[in-house]
Every structure is written in structure tokens, then in C-alpha cells.
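K.L.:
Below is one structure. I have some questions about it.
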Amino acid sequence: MLAKRIIPCLDVTAGRVVKGTNFVGLRDAGDPVEIARRYDEQGADEVTFLDITASSDQRDIILHIIEAGSHQVFIPLTVGGGARKVEDVRRLLNAGADKVSINTAAVANPDLIADASAKVGSQCIVVAIDAKQVGPGRWHVFTHGGRNDTGLDAVAWAQRVESLGAGEILLTSMDRDGTKNGFDLALTRAVADAVTVPVIASGGVGNLDHLADGVTLGRADAVLAASIFHFGEYTVRQAKEHMAARGIEVRL
Amino acid sequence: MSIAVIDYGMGNLRSVYQALAHVAGATPVQVTSDPAQVAAAERVVFPGQGAMPDCMAELEKRGLRSAVLAAARDKPFLGICIGLQMLFEHSEEGDVPGLGVFAGQVRRFPEARMRASDGARLKVPHMGWNQVWQTPHPLWDGIANGARFYFVHSYCVHPEDPSLVVGRCEYGVPFTCAVGRANIFAVQFHPEKSARDGLRLLQNFVAWQPLA
């Protein structure tokens, strides 16, 4: 049976991982490649690098990180942040990324999803959706870190990006992100039930039950988390053992 | 003595290259679209991603068809993903002929009738880590039966000859995920993205002496 996936996410700026990392024996706690390798060893199913570099003249640094990562990490690598054109997507893939996640640029220019998936294959295109609740059972797509309400309904947008050729949806609840109160399960389920491509739940994980709930109650195909892994609260392996104990199929 | 990874312009071969280089020791690994280099190589890896009609068209355009067929006749040969599918006679995807090395068809998952054990509908593409059930073969050496490999695909091969099947998987329906005959081994999953077990399979391929 197909396993549910656990995906640690690293926020990278100017070549360094931000937010703390707490691995024993790392030579350099800020080196994204070293951290990604550690997650691979723990049994992570994929790793996501989120490039949050603000200044455009430092944008190419992520390419070197992916290049170095692809030498040492033999699980799928996803890169998000900064891809605005098909050419950007292609450069990230050529550097060694397996998937590229597109967020704000997809909202501003939905044709980018269609163009990119036609050129590189939809299996390489992840569309990231940042959603915020605007009423009971209603969520809007937000951009710019949750500041801009696009007015788009999150479920309808998920269906739209699927029809444009998105291979996967990375769904983040902006209400939950950083709270450690767990995923927005109603949002996750609403989107997961509305599309046929895999949905990755993100935003709000504070403990291992949250990860399991994302799959069982949220019906996500994969769960993404950052801080619970970075600060050494749990290893990826512990997370998988917990999910397995809750009856979820995982790769151990 | 070298390993040629056939490049026909369909997507990114860096992962395949990196993983092979990681296990190949002193053996050089070349990503190449030159038929002469393919002919000169000791071993050949035939990867592929994207849509099979595009892959077949690019292979023809670059004059690589006969080099691939020649390699499949007598060199240790590893097909990956679309590189497995193209070995068969025909694909439903775009209704195109394949290379016809093996008798059989490539068909899309029957998603309408696919359900998980809990009744939930299953998504296509089949993406993620799934268990592979082996028929004994030297390329599985050191890999547990039922080990998980990373898959991304919407189509699967249906060999006419059941004795070709050396790996089975299940996703709503049982399907063939590895075939082997003589010097050819080909897999639907991505060993280059399948962590330790994937590297082990590639290492086994590098050491494989099928004709000995």
C-alpha cells in the first residue's frame, strides 16, 4: 500500500537555514545540505527547501544549495520561493530539484502553471496555496505571507490549479502557521476531497498527533512540518513510528 | 569501461547521474546523447520522465533509437520509469508505438474503479513510496522483499509474458513494477530517489554480470 509521506521543510535565506536546528553532531547547524542529509538518514520521504531570500541579488544561492543537495540526498527535493517564470522552474530543476513549488506567481499569472507543467511535466509542479478562514467553512487564498487577500476561494482555486496542470498542492493554513495548534483539518479535508492530485497539509504542527490527524481527519496524502523537527523535539523516525501506531501506512 | 545515461532531451537527468556516480566508484558515468558513446559504454541506463509520446519522438529525432535497441540486445541495461514503458510495444498514452523489445501494452491506471482498503478513492498519478514484491533476481540483492521505492506515474506496463515480471506492486490494482530478462532490468519506480534501497539497486546494477 502507498505510504503517507512526512516532509520536513527548511526555510532558507541567503544560503542558510533560519529558525533553529538542534541536531547532535552537526558541524554546521545552518547548512541546509547537512540538515537535509540528516532528515534523509532519519527516514524523511522528501525534503522541501523554502527559499525566503528577500534580496534578488542573492537568489542564485539556492541553486548552489540544490546542486550540493542532489549529490548527497537521494530522496525527492522540492524547492519553493522565487519561481516566477518557466525559466526559473527549469533552472531549479536543472540544478537538481525534483519539484518546484509556485505560490504568489501562480495567483498573479495562472498560465504559469499550465506553461510550466506542459514544459517540465506536472509531476514537477507543486502549487502552494496559503489559505485563511474568512467565514464558516470558507477560506480565501492569501499572498505575501498572509497579508494580501486575493478574494479567491481556496477550494475553487485548488480545483483550478489542478485543471491547469498542478501535480500536487501544498496547502498551508495561515491561521495555524506557527501556532503549534495543529492543522486546520476542515480546510485540509475540504481541499483534499475536492481535487484528485495529492495534497500536502502544512501549518500548525505542534505534536505527533497533529501529523496523524492531518492524514486521518484531514485526508492529506502527505504532511509537512518544520519546527517540531528543527528543534529536535521529535525525529522524523519518531513521527513515523507514531503514525504507524495510529494505523497509518508509512515507510519505516 | 563506463556507464552511459541516455539523454534524449526529456527532463532532468541530474538525479540519475548523481545517484549512479555515488555508487559507481571509479567507473565513469556519462550523460550522453551521442549514439557512439552509447555503443562504446559497458553499461547503459535508459531513464525517462514526462509523456511517452514526447519521449519516443525525441528519441527518434536524436537518432538514438537504434543505439538503444543495440544496447538492449547485449549490454547490462537498466530502464527507469518511461524507460521501462518504452521497451513495450504500444502505449495508451497518446496511442503511440514503443520500441517493442518486449511484447505487451502500457495502460493508464483504471482510476474509476480504484479504491483503498478503507473505500477512499485513489489518486492518479500514483505518487510516493510503495512496496515492491520481488521475484528473485541479482538486482534485488541486499534489498528486503516488500521494501518501499519512490514512484511517480499514471501508466503501467502489462507484459504478455508473465515470466518477465520480477517486481510487483499494488495501488488499487496489482501491477508490474519491474521486468527482467537476460541483460535487461527495468523498473517503474525511481531508484535514484529511493534512498538507501534505491542506491543499493543501482549498486547491484553497476556490479551485475548478466552474461557471465
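K.L.:
With point charges of +1 on the Cβ of Lys and Arg and -1 on the Cβ of Asp and Glu, referenced to the Cα centre of segment A:19-141, which listed residue (A:Y39, A:G121, A:G69) lies farthest in the positive direction of the dipole?
P.N.:
A:G121
K.L.:
Rolling a 1.4 angstrom probe over the protein chains, ignoring ligands and nucleic acids, what is the accessible area of A:E233 in square angstrom, nearest 10?
P.N.:
Result for A:E233: roughly 80 Å² accessible.
K.L.:
Given the -39500 (n - 2.57) contribution per DSSP H run of 4+ residues, what per-residue ellipticity at 222 nm results for chain B, rounded to the nearest 500 deg cm²/dmol? Spell out each step's value before the answer.
P.N.:
Values: 6 runs with 53 residues, N = 212.
Value at 222 nm, helices only, nearest 500: -7000 deg cm²/dmol.
K.L.:
Also, I was wondering about something else. On a C-alpha basis, how far is the centre of segment A:224-252 from the centre of segment B:153-212 in Å? Whole number, if you could?
P.N.:
Between the Cα centre of segment A:224-252 and that of segment B:153-212, the gap is 29 Å.
K.L.:
Assuming R0 = 22 Å, what is the FRET efficiency of A:V86 and B:S154, from their Cβ-Cβ distance, to the nearest 0.05? Walk me through the intermediate numbers first.
P.N.:
Details: r = 22 Å, r/R0 = 1.01.
Computed FRET efficiency for A:V86 and B:S154 comes out at 0.50.
K.L.:
Which residue fluctuates most in the GNM of chain B (Cα springs below 10 Å): B:E192, B:E42, B:E111?
P.N.:
Sorting by GNM fluctuation, first place goes to B:E111.
K.L.:
Right, something else. Of A:G165, B:T135, A:G15, which is farthest along the charge dipole of the protein assembly as shown in the positive direction, counting Lys and Arg as +1 and Asp and Glu as -1 at C-beta?
P.N.:
Positive-end residue among those listed: B:T135.
K.L.:
Another question about this same structure. Could you pull the accessible area for A:S202 with a 1.4 Å probe, rounded to 10 Å²?
P.N.:
Ignoring ligands and nucleic acids, A:S202 comes out at about 10 Å².
K.L.:
Further question: 5 Å is the cut-off here: which amide hydrogens, built 1.01 Å from N in the peptide plane, fall below it relative to A:L152, excluding neighbours closer than 5 in sequence?
P.N.:
Sorted by chain and number, the residues that satisfy this are A:V141.
K.L.:
A drop of at least 40 square angstrom in accessible area, chain alone versus all protein chains together, probe 1.4 Å. Which residues of segment B:190-212 meet that?
P.N.:
B:K193, B:A195
K.L.:
Evaluate the charge dipole of segment B:47-94 about its Cα centre and quote only its size in Debye, nearest 20, assuming +1 on the Cβ of each Lys and Arg and -1 on the Cβ of each Asp and Glu. Write out the running numbers ahead of the final one.
P.N.:
Working: 5 positive and 7 negative charges, 62 e Å.
Roughly 300 debye for segment B:47-94.
K.L.:
Any idea what the dipole of chain B comes to, in debye rounded to 20, about its Cα centre with Lys/Arg Cβ at +1 and Asp/Glu Cβ at -1?
P.N.:
It comes to approximately 420 debye.
K.L.:
Shifting gears a bit: So how far apart, in nm, are the two label points at A:M1 and A:R138 if each is 7 Å from Cα heading toward Cβ?
P.N.:
Spacing of the two 7 Å Cα→Cβ label points: 3.8 nm.
K.L.:
What is the spread of the Cα atoms of segment A:139-249 along each of their three principal axes, largest first, in whole Å?
P.N.:
Cα extents, longest axis first: 38, 29, 21 Å.
K.L.:
Quick one: how many Å² of B:S33 are accessible to a 1.4 Å probe, rounded to 10?
P.N.:
60
K.L.:
Where nothing but the Cβ of Lys and Arg (+1) and of Asp and Glu (-1) is charged, how large is the charge dipole of the protein assembly as shown around its Cα centre, in debye to the nearest 20? Could you put the intermediate results ahead of the total?
P.N.:
Working: 45 positive and 51 negative charges, 83 e Å.
Roughly 400 debye, rounded to the nearest 20.
K.L.:
Putting +1 on Lys and Arg Cβ atoms and -1 on Asp and Glu Cβ atoms, find which of B:V166, B:N145, A:L92 reaches farthest to the positive end of the dipole of the protein assembly as shown.
P.N.:
B:N145
K.L.:
Also, I was wondering about something else. Which entries in A:K180/B:K193; A:K19/B:K193; A:K99/A:K132; A:K99/A:K180; A:K4/B:K193 show an alpha-carbon gap greater than 21 Å?
P.N.:
Details: A:K180/B:K193 31 Å; A:K19/B:K193 27 Å; A:K99/A:K132 25 Å; A:K99/A:K180 27 Å; A:K4/B:K193 16 Å.
Those over the limit are A:K180/B:K193; A:K19/B:K193; A:K99/A:K132; A:K99/A:K180.
The values are calculated or read from the model by the stated rules, or taken from the named source; none is laboratory data. For clarity, every value in this text was computed on a predicted model and none was experimentally measured. Virtual Cβ from ideal backbone geometry, glycine too; neighbours counted across all protein chains shown. To get the accessible areas, we keep the full protein, side chains included, count just its heavy atoms, and leave off ligands, DNA and RNA. Shrake-Rupley method; radii C 1.70, N 1.55, O 1.52, S 1.80 Å.
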